[in-house]
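The values are calculated or read from the model by the stated rules, or taken from the named source; none is laboratory data. As the structure is a prediction and not an experimental result, all values here were calculated from the model. Neighbour counts run over all protein chains shown; Cβ positions are idealised from the backbone, glycine included. Each accessible area value is taken on the protein alone, full model and side chains, heavy atoms only, with ligands, DNA and RNA left out. Shrake-Rupley method; radii C 1.70, N 1.55, O 1.52, S 1.80 Å.
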Amino acid sequence: GERRSQLVQLVDIYPTVLSAVGRPIPEDIHGVDLLPVMEDPDAKTRDYAICGQFGQSATITDGEWILHKAPNEANAPLNWYGYCLSKFMGGYQLGPYEGDHRECRLPPWETTDWLSDKRNDMNELSNLADTEPEKLHEMQVALKRAFAEIGAPAEQLKRLGLQDL
């Protein structure tokens, strides 16, 4: 019967379930155990949550601001790592398997940075990237750091124009 306002991600389910059944949580996972949040409404989870769609934008939020960072005009380099293809790969133009990856081609979005203030624009209808350059830069840097924390390939930074921040 209570609500919490911490930022959570789908990757938090795995460590939370492990903790709930008394199993050790591997150190090399990206998720956070949410059991402390259930016990303490002020328990910390993370400062930012990230998500995205393969070959499209990466998104980061601090719960108040949200940035959708779309790829560069060529949407490259974009690679699918692994030999097996997922069912969601329909519609992607895939190159040949090159030992550890396939090159992918997708058209880019028209707007590379879409910044919204979720407190005043819940549906993200207004892009504030041009009028809030400091907040835009802050969120871009946060996204770059988040990618570093999870070990994302360096090509992602280049593809999203984050490498020089």
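In table form, for the structure just shown:
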{"quantity": "Where segment 17-63 is the region considered: accessible area per residue in Å², 1.4 Å probe", "calculated": "62"}
{"quantity": "ASP33 accessible area, assembled protein chains, probe 1.4 Å, Å²", "calculated": "40"}
{"quantity": "Computed accessible area, TYR14, all protein chains, 1.4 angstrom probe, square angstrom", "calculated": "120"}
{"quantity": "Cross-link reach list, aspartates and glutamates versus LYS158, counting only Cα pairs under 13 Å and skipping chain neighbours closer than eight places", "calculated": "GLU73"}
{"quantity": "GLU132-ILE29 pseudo-label distance in nm [points 7 Å out on the Cα-to-Cβ vector]", "calculated": "3.3"}
{"quantity": "Computed accessible area, ILE29, all protein chains, 1.4 angstrom probe, square angstrom", "calculated": "50"}
{"quantity": "Ranked order, ARG46, ARG119 - accessible area, probe 1.4 Å, largest first", "calculated": "ARG119, ARG46"}
{"quantity": "Electrostatic dipole magnitude of segment 1-87 [Cβ: Lys, Arg +1; Asp, Glu -1; Cα centre; debye, to 20]", "calculated": "360"}
